[in-house]
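These notes are about the structure you will find just below.
The values are calculated or read from the model by the stated rules, or taken from the named source; none is laboratory data. Computed from a predicted model, the values in this text were never measured in an experiment. When we count neighbours, we look across all protein chains shown, and the Cβ atoms used for this are built from the backbone with ideal geometry, even at glycine. What goes into the accessible areas is simple: the full protein's heavy atoms, side chains included, and nothing from ligands, DNA or RNA. Shrake-Rupley method; radii C 1.70, N 1.55, O 1.52, S 1.80 Å.
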Amino acid sequence: MKAINNMGRRCLLSFALLFTMATWLNAQKIQQAKKVLRLDSLYYAAATASNPQAEIARLVREDPANADWLAYRVLDPNAQEEHAAEVLLRMYRHPQLLRLYADTETAYSRGVADSIARSIIAAFDRLQQLEPTMAVPQYVGFHVSGLQQSVVALPDLVSVAIDKYIRPDYPIYVQFFSDYERQTMSPEYVVRDALLGWICSERPLPRETVLTLRFQLEYWGDIFRLMRAVFPDATEEWLFGFTSEQLQWLRQNKKILLSNAQKRGEMESSQPSVTDRYFRELPPDQLLPPEAPRLIGYWLGANL
């Protein structure tokens, strides 16, 4: 009996050690997304230096991988220059982009950017706890894109183009973006879009699948239900980018919208002329009244 008890204690001890090790390994995974990469500040300092050509070339030598995607994937996908430094110098020294850059740096002081980065890291911690098999980035980054794509997701990095999140009434935004797009072009949406961009990169729409309206509603429903879990205290307005009035309209008309889509045979259609009405910002038409918000498919999918 004593031998059995000793064996039991040894088993319990072994289990405790294994449990402790598993907990430690999981914590290490969660700690991955702890490094913040301020590409915005680094390249702004270089672009405004007394010798910007030399400073930008130095940054490219020190970090060629990030310089490459920033130059050729974000700033100018059609660039003819052979070297990333040439693209970066041309783009970041352009007078209009340089003014946008200066305003971005003013809006995102070190304190503001650090606070947002901490919120992104905390959100990735929650994502890892909810989805232990999903990778998280090793780096959280900020960059200036010249108003190009909002989020870049790479195997070890998620970076947000913070020049698209200054404030909704920023004059350049008013010139180039619709009222609806500008609703979410402010700092409080950086965290949301960083997580959404990363999750979508980890769980992309499958290319081999016929993307019917039903499939897309279900796909985006799964994505946004996970987003709700990551941000349990968030409002629906923030999560989906609606005003309170737009959200109220959707709640009142959800059943009608889904019923009409079913009656018109749209659920099994993969035609862009059908699915774009739900997932792109299009002008009002006879099937979607002016008071309806745009991009309603994401909310409908999450509330099927």
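A few remarks follow.
- For segment 219-272, filtered to residues that are among the hydroxyl-bearing types (Ser, Thr, Tyr) and under 20 Å from Ser186 (Cα atoms), the residue that is modelled with the highest pLDDT is Thr235.
- Residue match in segment 130-137 (condition: surrounded by fewer than 24 Cβ atoms within 10 Å (Cβ to Cβ), under 18 Å from Asp68 (Cβ atoms) and without any contact (Cβ under 8 Å) to a residue 24 or more places away in the chain): no
- Pick from segment 237-282, criterion within 19 Å of Asp179 (Cβ to Cβ) and in a loop (DSSP other than H, G, I, E, B), ranking: nearest to the chain's Cα centre (by Cα): Gly241
- Within segment 185-195, tally of residues that are open to solvent by 30 Å² or more (accessible area, probe 1.4 Å) and free of Cβ contacts under 8 Å to residues at least 60 places away in the same chain: 1
- Considering segment 138-153, the residues that are under 12 Å from the mean Cα position of the chain (by Cα) and not aliphatic (A, V, I, L, M) include one that is modelled with the lowest pLDDT, namely Gln149.
- Residues within segment 222-235 that are in a helix (DSSP H, G or I) and open to solvent by 40 Å² or more (accessible area, probe 1.4 Å), tallied: 4
- Elements of type helices (runs of 4 or more DSSP H) contained in segment 131-217, each with 3 or more residues being among the small types (Gly, Ala, Ser): 190-202
- Taking segment 166-183 as the range and being buried (at least 16 other Cβ atoms within 10 Å of the Cβ) and basic (Lys, Arg) as the test, only Arg182 passes.
- Put simply, of Arg90, Arg99, Arg61 the only residue that is of a type outside the set (Ser, Thr, Tyr), under 19 Å from Phe142 (Cβ atoms) and assigned to a helix (DSSP H, G or I) is Arg99.
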